[in-house]
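First up is the structure itself, then whatever we jot down about it.
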Amino acid sequence: MSVLVFVEIDNGSIKKSSQEAITYGAEVARMTNATATVLALGAADESALAQAGNFGATKVLHASDSKLTQENNMAYADVLAQAALQEGSSVIVMAKTGLGDAVAARAAAKLKASVISGVTSLPDLNGGFKVTRSIYTGKAFASVDIRSEIKILAIRKNAIEVTESGNTATVEPFYPTLKDASFTAKVTDVEKSNAELSLSEADIIVSGGRGMKGPENWQPLIDLAKALGAATGCSKPVSDLDWRPHHEHIGQTGIKVAPNLYIACGISGAIQHLAGVNGSKCIVVINKDPEAPFFKAADYGIVGDVFEVLPRLTKAIENSK
Ligand SMILES: Cc1cc2nc3c(=O)[nH]c(=O)nc-3n(C[C@H](O)[C@H](O)[C@H](O)COP(=O)(O)OP(=O)(O)OC[C@H]3O[C@@H](n4cnc5c(N)ncnc54)[C@H](O)[C@@H]3O)c2cc1C
């Protein structure tokens, strides 16, 4: 038996959220006397894939068919199901991402499996297979007892600390049967955000709202982000007003993030914004209004004018380096 971990590759390396998924899968394997096998699809260097061993996997199955280089939910789910059957995997793990959720649902239909998305805990194996998952956009947790033979778990970002062993995994080619029906829609062009750091993978995010007053005032926020090695985000009105690009829009209708540190600058903390940041480990709010709702969700709050606080914060961080 093996625990199978579906991973996503970006710029030739295993994404941080997938590293967390491998760590989770390896721990489940340890608890169930199994081994953790990784499934990687599309173009990737063997040496980068062998790094899966660093996070606890013993083997990587690499389906390198060029047709799989472009993200394709239907084909990926098909390949995942074939790998799970070959390996006899009863637990399948992946990161909870847009791709992960789409692949999990389709693979579950093929394998007659249950899908639990937003998992935040290792399973409790006392008399069953119980996991905790985050619900209501991170405001509550549900305890789920999974009864199906095959279980698919999509792990919420930052729920599991990545552990590194220094080991490498063996990489084996995997040759799935690819059905033409999975390739009926073709992505002809992909426009990637030009941000240096991906919001969904960032450890630190500095985010601005309407309190920043206009696009010409963003430099102090960008300076703080640079000092911290952070990605930049914004509230919905800010991207609607074209002050910042749409790929920075965080919230219920934008990107949902779960960094270790989220710094909100001049954002009121409307429920729709909070829905996208509830998974953050630590939230710092800078707002001149002490009654701003965001303070209720904050771990630390600074009541002050962003244009005074941001440069001082940046200077203090630079001085501390
Ligand atoms: C269906 C629906 C979906 C939505 N989805 C989203 C979403 O995904 N993401 C999202 O963000 N919003 C979303 N919204 C909008 C949301 O309801 C709020 O309107 C929005 O989040 C407010 O943005 P804001 O905090 O930047 O602006 P405001 O509400 O205008 O708040 C600005 C804040 O800045 C503070 N401020 C002003 N000047 C300063 C200063 N000099 N220094 C410090 N603080 C200052 C003010 O005190 C205030 O708290 C959605 C709304 C709806 C109806």
3J(HN,Hα) from dihedral phi, the stretch 53-61, Karplus parametrisation 6.51/-1.76/1.60, rounded to Hz, x for glycine, proline: x, 4, 9, x, 7, 9, 9, 10, 9
Linear extension gain, residue 288 paired with residue 316, 0.36 nm per residue minus alpha-carbon span: 8.1 nm
Cα-based shape type of the stretch 199-320, given that a ≥ b ≥ c are square roots of the gyration tensor eigenvalues and the cut on a/c is 1.5: rounded
Amide hydrogen neighbours beyond the local backbone of residue 282, cut-off 5 Å, H modeled: 261, 262
Lysines whose Cα lies under 21 Å from that of residue 213, excluding same-chain neighbours fewer than 8 positions away: 226, 236, 288
Around residue 204: net Lys/Arg minus Asp/Glu count, Cβ-Cβ under 12 Å: 0
Gaussian network model of the chain, springs between alpha carbon atoms under 10 Å - residue of 112, 59, 96 with greatest fluctuation: 112
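Which of the chymotrypsin sites (Phe, Trp or Tyr not before Pro) found in the stretch 105-173 are loop residues per DSSP with 15 or fewer other Cβ atoms within 10 Å of their Cβ?
Hits after loop and neighbour filter: 136.
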27 Å Cα cut-off, lysine pairs counted over the stretch 75-185 (separation 8 or more, or different chains): 21
Under the Karplus curve 6.51 cos²θ - 1.76 cosθ + 1.60, θ = phi - 60°, whole-Hz ³J(HN,Hα) for the stretch 154-169, x wherever Gly or Pro sits: 9, 8, 5, 4, 6, 7, 10, 6, 5, 10, 10, 10, x, 7, 10, 9
Ellipticity estimate at 222 nm from DSSP helix runs (n ≥ 4, -39,500 (n - 2.57)) divided over the chain, nearest 500: -8000 deg cm²/dmol
Distance (nanometres) between label positions extended 7 Å along Cα→Cβ at residue 142 and residue 85: 3.0 nm
Dipole in debye (nearest 20) - the chain, about Cα centre, beta carbon charges: Lys, Arg +1; Asp, Glu -1: 740 debye
Rough spin-label spacing in nm, given labels placed 7 Å along Cα→Cβ, for residue 217 and residue 170: 6.1 nm
Charge context of residue 18, other residues only, Cβ under 12 angstrom, K/R +1, D/E -1: 0
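What is the local net charge at residue 146, summed over the other residues whose Cβ is closer than 12 Å to its Cβ (Lys, Arg +1; Asp, Glu -1)?
Details: positive: 130, 133, 147, 151; negative: 124, 145, 149.
Every neighbour counted, the sum reads +1.
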Inter-part distance where the stretch 1-59 and the stretch 269-311 are each reduced to a Cα centre, Å: 36 Å
DSSP bridge pairs, the chain: antiparallel proportion in percent, nearest 5: 15 percent
Mean Kyte hydropathy of 0.5 or more with a Cα span along the axis of at least 18 Å, helices from DSSP in the chain: 98-111
Placed amide H near residue 138: partners under 5 Å, 5+ positions off or other chain: none
Amide H partners (placed H, <5 Å) of residue 302, local residues excluded: 285, 286, 287
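Read-outs throughout are calculated quantities, based only on the coordinates presented, and are distinct from any laboratory measurement. Computed from a predicted model, the values in this text were never measured in an experiment. Because the Cβ atoms are built from the backbone with ideal geometry, glycine has one as well, and the counts that use them run over all protein chains shown.
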